[in-house]
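The values are calculated or read from the model by the stated rules, or taken from the named source; none is laboratory data. On a predicted model such as this, the values are computed, not experimentally measured, just so you know. Because the Cβ atoms are built from the backbone with ideal geometry, glycine has one as well, and the counts that use them run over all protein chains shown.
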Amino acid sequence: MRIIEQLLQGGALREAGQAPLRRAVSWAAIIALVGFAYAALLPPVLEIGGALLYRQDRWLLLAQAAMLAGSALLVRRRMRTLSADPRLCLAAFALMASACLAGHDWLLGAYDLSRDEQMASFDAAVFADGHFSQPLPPMWRDHADALNTLFMYPAEHRASWISSYLPLNAALRAVFGLLGDPALVGPLMTALGGVALWGCARRIWPADREAAAVAALLYLGSGQVLFAGMTSYAMPAHLALNLVWLWLYLRRSWRSDVAALAVGFVAMGLHQPIMHPMFAAPLLYLVLRERNWKRAALFAIGYGLAGAFWLWWPNWTWHLVQAAAAALRPAGVDFPSRLIMVLSQGHYARALPDMTVNLLRFLAWQPVLLLPLFVMGLAATRSDPLARALAGGLWLTACVMTLILPEQGHGFGYRYFHGLIGNGILVAVYGWKRLRDARPMWRSLLLATTALGLVVILPMQAWMAYSQYRPYAELDARIAASPAAYVLIGPLDAPYAQDLVYNAPRLDRGPIRLLRDLVSPALAASLCVGRPQVALIRPDAYRGIAAFFRGRADPGAVHENARAAAMLGRAGCRIAYLD
């Protein structure tokens with residue numbers, strides 16, 4: 001680290017009192033080196049965290065380090081203050097929301113890449129039809145797993161199907177779908193999160209309007225916030241609702257606390273019940289420390305009722321899914337049994353490496369000054385209970401997720417920190433407050449790195465998002481255009497090929513997609529009545545996906561396709577191939 005500092009003795013780095021900046025540049029360089037080292041050690045083919053670190057995040061970390069070093073060396077202007085005009089920030093958040101909406105169509109191809117995204121759209125379509133669970137035709141009740149029921153309620157004989165996620169993210173999408181476009185949810189939540197963050201900063205530092213401007217710039221510079229807002233993930237809603245909750249909590253009136261409880265109820269029911277409580281728990285602990293027993297009782301009763309309701313929800317929904325009334329409830333329906341299943345998977349040996357990758361990925365999609373300002377802000381946690389609670393939400397989430405689910409799968413940055421990005425930004429503003437005499441130079445540096453982030457980092461991230469989604473979206477479009485009645489897809493023929501098996505809830509948009517390895521002779525006999533055309537996908541069709549992961553399609557796909565073709569041919573189906 002000292003060697004790097006000696007190489008950077010120029011520009012603003014020569015000034016007295018700029019040790020924090022020299023350390024920031026040094027640590028940015030070290031983090032980039034760690035990113036490259038991890039990318040070299042982890043397999044870039046099938047393990048999604050290592051693959052994305054290899055393809056995307058190490059280059060972002062390197063660009064950030066170079067950008068910060070260049071800005072520190074070249075910045076000369078010293079700004080007296082940052083503009084804190086709320087109208088300007090509101091316009092910026094509206095522009096950010098517009099970019100999210102445009103990016104959903106132009107960059108991501110309006111495509112749901114991950115199973116989490118698909119389930120949000122699937123459930124939204126079910127709810128928009130007026131159902132809590134979509135009824136299945138009798139033919140599929142004993143063969144539904146071939147339709148891909150990953151992340152759906154388990155059942156032996158299905159009456160209907162619906163995802164096993166909690167419903168409110170999908171419900172929001174259903175409402176906006178009825179109003180015009182479900183893709184509006186992510187952009188609007190992204191804008192709402194920015195407004196609420198502004199409100200929180202004004203409430204915490206009422207005499208310092210610049211603090212809110214710093215928070216806004218860090219929010220606007222977050223690639224994770226921007227690109228997650230283009231997707232169907234619940235994460236933009238988690239971030240927005242957490243910040244609205246905090247804004248209400250900071251008002252310290254019983255009306256605001258009741259409103260915060262209503263927001264917390266919705267936040268708990270977005271997709272997983274654990275995410276919002278990990279944010280709220282350290283803040284609610286402050287109420288106990290203050291010995292404000294009436295307020296503590298209000299939150300305890302409110303969250304107790306909300307928690308009981310959302311713990312009850314999966315059991316009620318499963319009874320809609322399971323056709324046989326006397327069937328025993330399998331493991332994986334309720335949240336306690338899901339937790340036991342996750343903990344029994346024995347992923348502890350890779351928990352810390354996976355979490356290291358997650359944190360590297362998180363930093364790669366955040367503004368470059370967030371980490372150094374956050375580290376400086378941690379000093380405030382020794383004396384400021386609110387700063388300690390905000391940082392505590394991040395520590396609690398990191399510890400819990402390392403224990404129960406260290407691998408996040410797809411996503412920009414680290415999804416499980418998304419609802420806590422506001423926490424990180426507010427702690428970073430505490431760090432900003434500590435700069436004192438050095439603040440004029442840091443103002444210029446913040447504006448310079450934000451502008452360079454928009455000009456340099458943002459286009460890199462846009463290309464990376466496009467490159468990740470494009471091969472799946474293109475193959476998905478080719479499958480959708482096939483004249484076949486059914487398309488069989490091998491779940492392991494290419495990385496995450498299973499996620500291409502996504503069907504409309506009513507099975508009313510052909511061709512119906514099936515997991516090839518779960519098509520049994522009994523199902524084949526039902527499918528082939530009337531001699532429909534069934535398509536199989538040759539390995540060459542996966543070239544784009546395999547190239548993204550620096551690998552190749554599974555050569556065993558040829559043999560498995562031949563086996564499935566022979567079985568279907570004997571049952572009377574006509575076989576076609578998609579290249």
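For ILE489, are the conditions met, namely being under 30 Å from LEU515 (Cβ atoms) and either in contact (Cβ under 8 Å) with a residue 24 or more places away in the chain or out of contact with any Asp or Glu (no Cβ under 6 Å at 6 or more places or on another chain) (or both)?
For ILE489, the condition - under 30 Å from LEU515 (Cβ atoms) and either in contact (Cβ under 8 Å) with a residue 24 or more places away in the chain or out of contact with any Asp or Glu (no Cβ under 6 Å at 6 or more places or on another chain) (or both) - is met.
Which members of segment 66-84 meet the condition of being hydrophobic (A, V, I, L, M, F, W, C) and not in a loop (DSSP other than H, G, I, E, B)?
Those that are hydrophobic (A, V, I, L, M, F, W, C) and not in a loop (DSSP other than H, G, I, E, B): ALA66, MET67, LEU68, ALA69, ALA72, LEU73, LEU74.
Of all helices (runs of 4 or more DSSP H) completely enclosed by segment 220-302, which ones contain at least 2 residues that are closer than 27 Å to PRO367 by Cα and either hydroxyl-bearing (Ser, Thr, Tyr) or touching a residue at least 40 places away in the same chain (Cβ under 8 Å) (or both)?
So the answer is 223-228, 235-249, 275-289.
For the list (1) assigned to a helix (DSSP H, G or I); (2) under 21 Å from ALA237 (Cα atoms), I need the number of the one condition that ALA146 fails.
It fails just one condition, (2).
In contact with a strand residue (DSSP E or B) (Cβ under 8 Å, 6 or more places away or on another chain), surrounded by fewer than 18 Cβ atoms within 10 Å (Cβ to Cβ) and in a loop (DSSP other than H, G, I, E, B): is that true of ARG550 in this structure?
Here the answer is no, as ARG550 does not meet what is asked.
Can you tell me which residue in segment 518-547 is surrounded by the fewest Cβ atoms within 10 Å (Cβ to Cβ), limited to those that are among the small types (Gly, Ala, Ser) and under 24 Å from TYR466 (Cα atoms)?
ALA547
Can you report the number of residues in segment 463-499 which are of a type in the set (Asp, Glu) and either in contact with a Ser or Thr (Cβ under 6 Å, 6 or more places away or on another chain) or closer than 16 Å to TRP106 by Cβ (or both)?
So the count comes out to 1.
Applying the selection to segment 85-114, what residues are within 13 Å of GLY186 (Cβ to Cβ), part of a helix (DSSP H, G or I) and more than 15 Å from the chain's Cα centre (by Cα)?
Scanning segment 85-114 gives MET96, ALA97, SER98, ALA99, LEU101, ALA102, GLY103, ASP105.
Condition check ((1) part of a loop (DSSP other than H, G, I, E, B); (2) crowded, with 20+ Cβ neighbours inside 10 Å) across all residues:
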| residue | (1), (2) |
| --- | --- |
| ASP116 | no, yes |
| MET119 | no, yes |
| VAL126 | no, yes |
| PHE132 | yes, no |
| LEU150 | yes, no |
| ALA155 | yes, yes |
| LEU166 | yes, yes |
| ASN169 | no, yes |
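Test ALA547 against the stated conditions and say whether it is touching a Gly at 6+ places or on another chain (Cβ under 7 Å) and not hydroxyl-bearing (Ser, Thr, Tyr).
Judged against the criteria, ALA547 is not a match.
Go over the candidates MET464, MET460 one by one and state the one that is hydrophobic (A, V, I, L, M, F, W, C), within 30 Å of GLY544 (Cα to Cα), touching a Lys or Arg at 6+ places or on another chain (Cβ under 9 Å) and not assigned by TED's automatic domain parsing to the domain that holds ILE340.
Just one listed residue meets the conditions, MET464.
Residue by residue, here is whether (1) in contact with a helix residue (DSSP H, G or I) (Cβ under 8 Å, 6 or more places away or on another chain); (2) under 28 Å from ALA51 (Cβ atoms); (3) part of a loop (DSSP other than H, G, I, E, B) holds:
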position: ALA522; (1), (2), (3): no, no, no
position: SER526; (1), (2), (3): yes, no, no
position: GLY530; (1), (2), (3): no, no, yes
position: ASP540; (1), (2), (3): no, yes, no
position: ALA546; (1), (2), (3): no, yes, no
position: ASP554; (1), (2), (3): yes, yes, yes
position: ALA557; (1), (2), (3): yes, yes, no
position: ASN561; (1), (2), (3): yes, yes, no
position: ALA566; (1), (2), (3): no, no, no
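Out of the residues in segment 516-562 that are polar (S, T, N, Q) and out of contact with any Lys or Arg (no Cβ under 6 Å at 6 or more places or on another chain), state the one that is nearest to HIS410 (Cα to Cα).
ASN561
Which residue out of LEU239, LEU248 is closer than 18 Å to ALA391 by Cβ, crowded, with 23+ Cβ neighbours inside 10 Å and of a type in the set (A, V, I, L, M, F, W, C)?
LEU239
State whether one or more residues within segment 316-339 are surrounded by fewer than 16 Cβ atoms within 10 Å (Cβ to Cβ), of a type in the set (Phe, Trp, Tyr) and under 18 Å from GLY269 (Cα atoms).
Yes, segment 316-339 has at least one match.
Looking at segment 145-184 only, could you name the residues that are among the basic types (Lys, Arg) and within 24 Å of the chain's Cα centre (by Cα)?
ARG173, the sole residue that qualifies.
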